[in-house]
Amino acid sequence: METTNTTRWKARYWVYLMLFLLTTINYLDRVVLSVGAGPIAADLHVDKIQLGYLFSSFLWGYALFLIPIGLLVDRFGARSVTAISMTVWSLATMLTGAASSALGVLMARIVMGAGEASCYPSAASIIRDWAPSRERGVAMTALNSGAYFGPALGALALSWLVSTAGWRWSFAICGAIGFIWIAVWLLFFKSPEHSKWIREEERETILRERETAEQTDSDNASIGLGGLLRERTMWAQMLTQGCNVYTQYLFLTWLPNYLQTERGMTLLGSGTAMAIPYLGSIFISMALGFLSDSTLDPAAVEKGRRRRLVGAVMSAGAVIVFIPLVSNVWAVLGLITVALGAASAGIALNVALLGDLLRTRRDIGRAVALQFTGGNIFGFFAPIVTGYIVQATGHFSAAIIAAGIIFLVGAMSSWFLTWKPIGAHAAGMATEAAAAGRRIS
């Protein structure tokens, strides 16, 4: 434990804050298209199905580049890869607002998705470096809370901006904010070993406690991409993540349109209403992150017992199946808040669980990239499938019920398929080699 006053703001909290702002900025842009769907559809002459493809197009570049960028993070480090990727994202975001056709928007959003692909692989690597193992749940939920604060802020601010200045200016402003974040990032961020603004006692705490006992001697061990794909637990992690991301993208892309078409709200009204569940989900997610860390000792972390809470929160998210039965809009927003809180916590805690189970530290970037590839394959289908269902049935009921069932599938995956550590054999060999080296010396 640290010897300094525990109430003092610690240097690593600034790192968590920067990661929170990273996801906040990234998700600000994602909500521009959903908040401005009406004006964009009118300007570019697109129907519901075409709108679904525009919503989804971001994920094409995102999913395609996750694994390559995860490999780059492991090879070159998170600092430079994140800065370059965010530069691409910011430029593409600004170009989206300059597009003169639906095809132009689609192409810009594909590039924007490619630029954002570094977000979670880089952040997971940074958290693995900066967060004591007992603090991973809180660090990951702080990071992922930005993915919900961004839409909440966007729903309030961007719905007003779209209604007053138009959707094009909204994209331009989001891109400019990204460049500001990059400047601060490059100025201040380095690894804890090389950061000059961190107190020595905190540096020692981080370096001592960031790995579990089985991970300490495996810094040089790696099973590579092929080895990860041969691990059943890795596939279960991808499935669990996908079931969370499906619901996340269903609401991220279609919630304003749902509130406008089925609940009779105006553009500004739907933006305000959308902010409520997103803000509420942040508190739910952070509370579950603290619960996860406070109830798990190092031995439980090492054994992957975080899976229990992952499955429990996803089961709670399945309450959205009752939305079609509810007429009161406040009750609907309450159920959506629970679902989004479950998705947020489920995503964050599942990434933390991956960090708990992964025995080979050098594989963290590619492992999280694989995890989010699985997640975004599901996310890719969420807006498209929803568009077809709504076009065919004229309402959202079947799409929302399907999302609730998918939540339960993810809970089963976490509970019953994530029992074995990842890369244990390679880590064991590295530990034996390290022990042998110590005996010789």
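The values are calculated or read from the model by the stated rules, or taken from the named source; none is laboratory data. The structure presented is a predicted model; accordingly, all values stated were derived computationally and were not measured. Backbone-built Cβ (ideal geometry, glycine too); neighbour counts: all protein chains shown. What goes into the accessible areas is simple: the full protein's heavy atoms, side chains included, and nothing from ligands, DNA or RNA. Shrake-Rupley method; radii C 1.70, N 1.55, O 1.52, S 1.80 Å.
Some points to look at:
- Sulfur and carbon atoms: percent of accessible area, region 296-393 [1.4 Å]: 67 percent
- Shape category assigned to region 108-177 from the gyration tensor of Cα positions, a/c cut at 1.5: oblate
- Degrees, to the nearest 10: 102-116 long Cα axis against longest axis of the chain: 20 degrees
- Residue-normalised accessible area of region 206-357, expressed per residue, 1.4 Å probe, Å²: 35 Å²
- Dipole of region 1-104, positive direction: furthest Cα of S34, T87, L71, with charges on the beta-carbon: L71
- Using a probe of 1.4 Å on the protein chains alone, the accessible area found for E193 is around 80 Å².
- Degrees between helix 136-165 axis and first principal axis of the chain (Cα, 0 to 90, nearest 10): 20 degrees
- Positive-end ranking of I389, V46, A299 along the dipole of the chain, with charges on Cβ about the Cα centre, is headed by A299.
- Model label sites at T393 and A300, defined 7 Å from Cα along the beta-carbon direction, differ in position by 3.9 nm.
- Positive end of the dipole of the chain (Cβ unit charges, origin at the Cα centre): among S281, T141, L250, the Cα lying farthest that way belongs to T141.
- Ellipticity estimate at 222 nm from DSSP helix runs (n ≥ 4, -39,500 (n - 2.57)) divided over the chain, nearest 500: -27000 deg cm²/dmol
- Carbon/sulfur fraction of accessible area - region 110-224, other protein chains in place, 1.4 Å, %: 66 percent
- Burial order of peptide ranges 383-392, 230-239 (average beta-carbon count within 10 Å, highest first): 230-239, 383-392
- Placing R361, R30 in order of accessible area, with the largest value first and a 1.4 Å probe, yields R361, R30.
- Helix 232-261 axis versus longest C-alpha principal axis of the chain: approximately 30°, rounded to the nearest ten.
- Global form of region 58-174, assessed from the alpha-carbon gyration tensor, a/c cut-off 1.5: oblate
- Both radii come from the Cα set of the chain: Rg as radius of gyration, Rh as Kirkwood radius; their ratio Rg/Rh reads 0.97.
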